[in-house]
Amino acid sequence: MASSRRERFRELVARPELLVLPGAYDALSARIAETQGFQAITAGGYAAVGSMLAQPDMGQSNMRDYAAHYARICQAVDVPVYVDADTGFGGVHNVRETVRAFEAAGIAGMFISDQVFPNRCGYLAGKSVIPQQEMVAKVRAAIDARQDPAFFICARTDAAAVEGVDAALDRCRAYLAAGADSAKPQGLDTEAEIRRAIAEVPGPHFGTLSQAAGKGGLPLQALQALGVAAVTLPSLALFAAARAVSQAFSEFSKRGDVAGLQDKLMPLDQYYELVRLQQFAERERAYLEPGGR
């Protein structure tokens with residue numbers, strides 16, 4: 001099952017149509033994305049740390065936490081899940097363990113950053129990057145560690161904000177030469193920057209539309225026209241949920257009852273359909289019947 005999802009993810013990335021990857025912050029948001037017809041989803045550290053710890057993404061979680069979090073997301077959906085692996089959580093040995101754990105979780109692919117460990121959200125200030133050759137070693141370790149050749153590995157560089165765009169693109173080419181399936185220059189979000197990255201870095205280009213960037217970003221039609229292979233929306237669901245919950249609680253505090261909140265809530269039957277209550281009930285009955293299952 002996991003291998004077929006990984007092969008499907010590679011097929012989706014390789015298509016000429018732009019692949020849109022909505023971000024899930026937990027299993028339920030992943031299920032919602034799937035029911036909306038998205039063919040693959042992403043799950044990132046920013047949303048994971050926000051939902052698990054109610055904290056900003058500054059590298060305070062660990063690989064095992066992420067593996068368990070991502071596994072629950074993968075189990076909730078049938079579509080491929082592409083995830084954030086931070087820096088690989090240490091050196092080459094940590095990277096190997098990360099790849100093995102993420103593969104076991106059912107993940108279709110991951111990206112690893114060349115920030116200094118512990119890393120932080122790519123749109124936050126205060127970043128620094130490790131030497132290029134050190135990241136090349138991490139990429140080699142990741143490629144060597146994967147047991148399923150269909151597992152997609154992207155190498156991301158945060159060098160543009162630290163060393164400049166030229167250095168970032170040079171790093172991307174070095175990471176591809178080391179075996180990465182794609183290389184992403186983080187922070188190159190304008191039309192001119194994306195066009196240059198696609199022209200100078202071989203392989204599929206992944207764009208990002210993140211609320212953490214503090215700007216709207218290019219529309220999907222523009223990204224498609226530029227030749228972007230896939231675009232992630234890593235924090236859209238997180239911000240939408242945070243606002244909806246905040247508004248519901250605020251409205252309840254003013255009213256003192258939930259009677260007037262129905263237009264802000266998912267209907268009960270729709271929620272039960274989302275969490276598949278009927279399938280659970282049918283399975284339970286089947287097991288309870290004499291000789292069942």
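The values are calculated or read from the model by the stated rules, or taken from the named source; none is laboratory data. In this text the structure is predicted, and so the values were computed from the model without any measurement. When we count neighbours, we look across all protein chains shown, and the Cβ atoms used for this are built from the backbone with ideal geometry, even at glycine.
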Those residues of segment 62-89 that are within 15 Å of residue 232 (Cβ to Cβ) and in a helix (DSSP H, G or I) come to a total of 2
Subset of segment 74-98, residues touching a Phe, Trp or Tyr at 6+ places or on another chain (Cβ under 9 Å) and more than 18 Å from residue 59 (Cα to Cα), comes to 79, 80, 81, 82
Within segment 223-233, identify whether any single residue is hydrophobic (A, V, I, L, M, F, W, C), surrounded by fewer than 14 Cβ atoms within 10 Å (Cβ to Cβ) and not in a helix (DSSP H, G or I), and answer yes or no. no
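Determine, yes or no, whether residue 30 is crowded, with 23+ Cβ neighbours inside 10 Å, among the small types (Gly, Ala, Ser), within 15 Å of the chain's Cα centre (by Cα) and over 15 Å from residue 110 (Cα atoms). Explain how you work it out, then say what you get.
Values: crowded, with 23+ Cβ neighbours inside 10 Å: yes; among the small types (Gly, Ala, Ser): yes; within 15 Å of the chain's Cα centre (by Cα): yes; over 15 Å from residue 110 (Cα atoms): yes.
It is true that residue 30 is crowded, with 23+ Cβ neighbours inside 10 Å, among the small types (Gly, Ala, Ser), within 15 Å of the chain's Cα centre (by Cα) and over 15 Å from residue 110 (Cα atoms).
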Condition set modelled with pLDDT of 90 or more and among the basic types (Lys, Arg), scope segment 187-242, selection farthest from residue 169 (Cα to Cα): answer is 195
Any hit, segment 174-182, residues being surrounded by fewer than 14 Cβ atoms within 10 Å (Cβ to Cβ), more than 16 Å from the chain's Cα centre (by Cα) and under 30 Å from residue 144 (Cβ atoms)
yes
Within segment 90-127, the residues that are crowded, with 23+ Cβ neighbours inside 10 Å, at pLDDT 95 or above and in a loop (DSSP other than H, G, I, E, B) are 107, 108, 114
Across (1) assigned to a helix (DSSP H, G or I); (2) surrounded by fewer than 24 Cβ atoms within 10 Å (Cβ to Cβ); (3) within 16 Å of the chain's Cα centre (by Cα), residue 59 clears everything bar (1)
Log entry, pairs with first residue in segment 141-166 being under 22 Å from residue 195 (Cα atoms), second being among the aromatic types (Phe, Trp, Tyr) and not in a helix (DSSP H, G or I), beta carbons closer than 6 Å, six or more apart or on different chains, reads 154/111; 156/111
